[in-house]
Amino acid sequence: MKKMKYILILLFLIISPLTFADIHYVSTSGADTGTGLDSTAPWATLAYAESHATTAGDIIALKKGNTWSGTTALAIKHGGASGNHIIWDGSLWGSGAYAKIQSSANRSDGNLSMV
């Protein structure tokens, strides 16, 4: 019985951080007034997603086939916690090529980063 107790505690410690995390959906055709919590009401802007998906373990799912272009770099201020990061993923939902974040400014080859 004591062994089972330790197994249950271990399972709780492994699973509990994952239960508080959410998947936040972002699409260029979305709206920041949406919930962002399902693919039918995605957020639209990367900055909004970055400022609202702040719980360790959250996933920011960028819609496949979408491209976000801008001249201002995106400041990522929320990273989660060690071993339980906030993940940006452009391959989880939608169809087509993976989502892209790119610069629309006139930048040199060595400085194309937007994040």
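Read-outs throughout are calculated quantities, based only on the coordinates presented, and are distinct from any laboratory measurement. Predicted model only: the values in this text are computed from it and were never measured. Here Cβ is always computed from backbone atoms with ideal geometry, including for glycine, and neighbour counts include all displayed protein chains.
Listed by chain and number, the aspartates and glutamates placed with their C-alpha closer than 20 angstrom to that of Lys64 are Asp22, Asp32, Asp38, Glu50, Asp89; residues fewer than eight positions away on the same chain are left out. Using the Karplus relation 6.51 cos²θ - 1.76 cosθ + 1.60 with θ = phi - 60°, the per-residue 3J(HN,Hα) values for region 82-91 come to 4, x, 8, 6, 7, 10, 9, 9, x, 10 Hz, with x marking Gly and Pro. Structural descriptor for region 39-103: relative contact order 41 percent, calculated from alpha carbon pairs under 8 angstrom and at least 6 residues apart. Amide H contacts for Gly80 (H built 1.01 Å from N in the peptide plane; partners 5 or more residues away or on another chain; cut-off under 5 Å): Ile86.
The modelled label-to-label distance between Ser39 and Ser91, using points 7 Å beyond Cα along the C-beta direction, is 1.7 nm.
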